[in-house]
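Quick notes on the structure that follows.
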Amino acid sequence: MEQAWELKAKIEALLVASDRQVTIESLAQCLEVTEDEVDEALREFEADLLAADRGILIHRRPHGIRIEIKPQYTDLIGRLLPERKAKPITSQALETLAIIALKQPVTTADINAIRGIESAGTVQTLRKRKLIAREARLGARREKIWRTTQIFLDTFGLASPDELYKEGRMEEVFASVYSGELDGEVGADPANKKGL
């Protein structure tokens, strides 16, 4: 059996190098150790990263794990690398995203009916940002059907869409929709026709 510190170092290297989530199973296969050994080393590594002098953490998701920047340091990334600075989501796009998240799978026609305005442009912008994706199947009238993505879950700190139904979580995620910021903005904003 490998030394614990060596296994943790290898896991750290693999997680830093990966641009996506990885499973404990794939780490175990790569490192030629058991899943229990990987899980134990990960737990130790997670505890190490919780120290105040560390800027990263391990984030566990239902389908894998990855290294992320601690929330208090994410603004620094945008300052150093402006191209990676998070772009704000407009209230119109957030409203559309809330409808998709809560009603999914949902067609553009359904979104239009709920919002009372044409939303195809905003839907496409959300798709380009990879917050939503098309279902493989089409609707009854051969319409595109939309659902949220893993990027949506990661962006809003959700393990699954079902978390939106926990008390207070929906309001927290879609704060501007529920805070009244959308009053008078349910239609298109003439100053921002792109929707995002």
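The values are calculated or read from the model by the stated rules, or taken from the named source; none is laboratory data. The structure presented is a predicted model; accordingly, all values stated were derived computationally and were not measured. Every residue, glycine among them, receives a Cβ derived from its backbone with ideal geometry; neighbour counts consider all protein chains shown.
Brief remarks follow.
- Lone qualifier among R141, R129 - being at pLDDT below 85 and not hydroxyl-bearing (S, T, Y): R141
- Verdict on D48 being part of a helix (DSSP H, G or I) and either among the charged types (D, E, K, R) or more than 24 Å from E171 (Cα to Cα) (or both): yes
- Of all residues in region 1-58, those being basic (K, R), closer than 24 Å to G157 by Cβ and surrounded by 15 or more Cβ atoms within 10 Å (Cβ to Cβ) number 0.
- When region 74-98 is filtered for residues that are exposed (fewer than 13 other Cβ atoms within 10 Å of the Cβ) and in a helix (DSSP H, G or I), the ones remaining, listed by number, are D75, L76, R79, L80, P82, E83, R84.
- Candidates in region 2-36 are the residues that are of a type outside the set (A, V, I, L, M, F, W, C) and touching a Phe, Trp or Tyr at 6+ places or on another chain (Cβ under 7 Å); of these, the one that is farthest from R61 (Cα to Cα) is K8.
- Checked against (1) buried (at least 18 other Cβ atoms within 10 Å of the Cβ); (2) among the aliphatic types (A, V, I, L, M); (3) at pLDDT 90 or above, A113 meets all criteria but (1).
- If you go through region 116-128 and keep only what is under 30 Å from D19 (Cα atoms) and crowded, with 17+ Cβ neighbours inside 10 Å, you end up with T122, V123, T125, L126.
- Scope region 144-196; condition in contact with a Ser or Thr (Cβ under 9 Å, 6 or more places away or on another chain), assigned to a helix (DSSP H, G or I) and at pLDDT below 75; matching residues: S176, V177
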